[in-house]
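The values are calculated or read from the model by the stated rules, or taken from the named source; none is laboratory data. Note that the structure is a prediction, hence the values are computed from the model and not measured. Here the Cβ positions follow ideal geometry from the backbone for every residue, glycine too, while neighbour counts run over all protein chains shown. All accessible areas refer to the heavy atoms of the entire protein, side chains included, with ligands and DNA or RNA removed. Shrake-Rupley method; radii C 1.70, N 1.55, O 1.52, S 1.80 Å.
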Amino acid sequence: MSKRSKIILIVIAVFFIAALVWFGKKNKKGIVEYETETPFRTTIIKKTVATGKVTPLEEIEIKPQITGIIDKIMLLEGSKVKKGDLIATVRVVPNEQSLISARGRVDNAKLRVNNAAVSYKRTKNLFDKGVIARAEYEGVELTYDQAKQDLKNAQNDYLIIKRGSAGSGGSANTNIMAQMSGTILEIPVKEGDQVIQSNNFNAGTTIASIADMSKMIFEGKVDESEVGKLVNGTDIEVSIGAIEGKKFPAKLNFIAPKGTEEGGAVQFKIKADVSLDDKFFIRAGYSANADIVLVKKDSVLSIKEGLLKFDKKTEEPYVEVKTGEGTFEKRTLELGTSDGVNVEVLAGVTKDDEIKIWNKVSKDDKNKEN
């Protein structure tokens, strides 16, 4: 081989090596290294939040037994009362027509009594002399006794219409008493207001509402998609808007069997007994939220939800697992419970797999791009 041929071969070899080096660097520069994370074990707790309020467990409304006008109110809202304490008095304002009619019935009853008394005295005198039989005498005596009873009834009716009750117990109906021990939540009437008695056709006027503030419950609503996971007796935590930084333990004791539609979604009412803290005074009607644990799984294999992708056709969740430098393979996953940040992985990856953080490249690759 001539010297010239050797020089040409050497030049070609140099160019070939240079080309290989140049293409190698170019390909290496095109590889983007993504950061990765491995699955981990953690406790996943899925919760729901029920919005509602705290109310007394026992609350009653006091209504009058007669129609009249509030004469005097003895106590104020917020006062502590015991059963039988006087709250207010009602003054009876009789209907004039009813009063006149009752007065007329009394007068008629007196006439019948006077007439029966005359007949009774005459018949008794004849009976004592042996002129008439006992049966005739007893018949007249019965008529006289019935007339006296009719007079008594008419007089009682007149007194009830005039002052609200009959006899010495006249204050029984006009005095409004507490029917239970507790706190007066509300007195929606004032002195001079007219009140109506409670009967079969009318609920009556509420004079006061009383509740036992030492026993409070949480009343809230949950969505139909979550109510099936609730169980009576579950421990929950209640946060009250007016009391910051404090959570009150409570126990779920009621789940409504029927829901109500609100804003296009079906909501179910729940109730829970709240354990109070003597350091805090809870007022009836405070708005509150209840944290309810739906599912709790300890030490399960999990990944961050941010690592997930979803197939455009099947919508199945998957991740990309590292198989080599700059290379990843698709792995379809079977998922379990999620808390919104971490999700349980039932199948698809192991604890040693390196999962691509698809929206985050390595620092070295960022520097190369810059």
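Laid out as a table, the results:
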read-out: Strands (runs of 3 or more DSSP E) contained in the stretch 268-367 and holding at least 3 residues in contact (Cβ under 8 Å) with a residue 40 or more places away in the chain and open to solvent by 30 Å² or more (accessible area, probe 1.4 Å); value: 287-304, 355-361
read-out: Leading residue by the ranking (nearest to residue 175 (Cα to Cα)) among those in the stretch 57-74 that are open to solvent by less than 50 Å² (accessible area, probe 1.4 Å) and not in a strand (DSSP E or B); value: 64
read-out: Unmet criterion (only one of (1) at pLDDT below 90; (2) within 30 Å of residue 284 (Cα to Cα)) for residue 1; value: (2)
read-out: Single match in 53, 46, 26 (criterion: in a strand (DSSP E or B), modelled with pLDDT under 90 and either touching a strand residue (DSSP E or B) at 6+ places or on another chain (Cβ under 6 Å) or more than 30 Å from residue 195 (Cβ to Cβ) (or both)); value: 46
read-out: Residue check for residue 103: modelled with pLDDT under 85, in contact with a Gly (Cβ under 6 Å, 6 or more places away or on another chain) and of a type in the set (D, E, K, R); value: no
read-out: Residues within the stretch 190-231 that are aromatic (Phe, Trp, Tyr) and without any contact (Cβ under 8 Å) to a residue 60 or more places away in the chain, tallied; value: 1
read-out: Members of the stretch 236-267 found to be farther than 23 Å from residue 45 by Cα and either part of a loop (DSSP other than H, G, I, E, B) or among the hydroxyl-bearing types (Ser, Thr, Tyr) (or both), listed by number; value: 241, 242, 243, 244, 256, 257, 258, 259, 260, 263, 264
read-out: Members of the stretch 211-235 found to be basic (Lys, Arg) and outside any strand (DSSP E or B), listed by number; value: 215, 229
read-out: Hits in the stretch 75-113 - residues which are open to solvent by less than 80 Å² (accessible area, probe 1.4 Å) and closer than 14 Å to residue 187 by Cβ; value: 75, 78, 79, 81, 85, 86, 87, 88, 89, 90
read-out: Residues being within 15 Å of the chain's Cα centre (by Cα) and farther than 19 Å from residue 293 by Cβ - total across the stretch 241-261; value: 6
read-out: Selection from the stretch 246-267 of residues that are closer than 16 Å to residue 229 by Cβ and open to solvent by less than 30 Å² (accessible area, probe 1.4 Å); value: 252, 256, 259
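Let's see how each residue does on (1) modelled with pLDDT of 85 or more; (2) touching a strand residue (DSSP E or B) at 6+ places or on another chain (Cβ under 7 Å):
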site	(1), (2)
317	yes, yes
331	yes, yes
339	no, yes
347	yes, yes
355	yes, yes
363	no, no
366	no, no
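Here's the yes/no breakdown for (1) closer than 30 Å to residue 276 by Cα; (2) in contact with a helix residue (DSSP H, G or I) (Cβ under 7 Å, 6 or more places away or on another chain); (3) among the charged types (D, E, K, R):
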{"site": "36", "(1), (2), (3)": "no, no, no"}
{"site": "40", "(1), (2), (3)": "no, no, no"}
{"site": "45", "(1), (2), (3)": "yes, no, no"}
{"site": "50", "(1), (2), (3)": "yes, no, no"}
{"site": "56", "(1), (2), (3)": "yes, no, no"}
{"site": "62", "(1), (2), (3)": "yes, no, no"}
{"site": "71", "(1), (2), (3)": "no, no, yes"}
{"site": "75", "(1), (2), (3)": "yes, no, no"}
{"site": "82", "(1), (2), (3)": "yes, no, yes"}
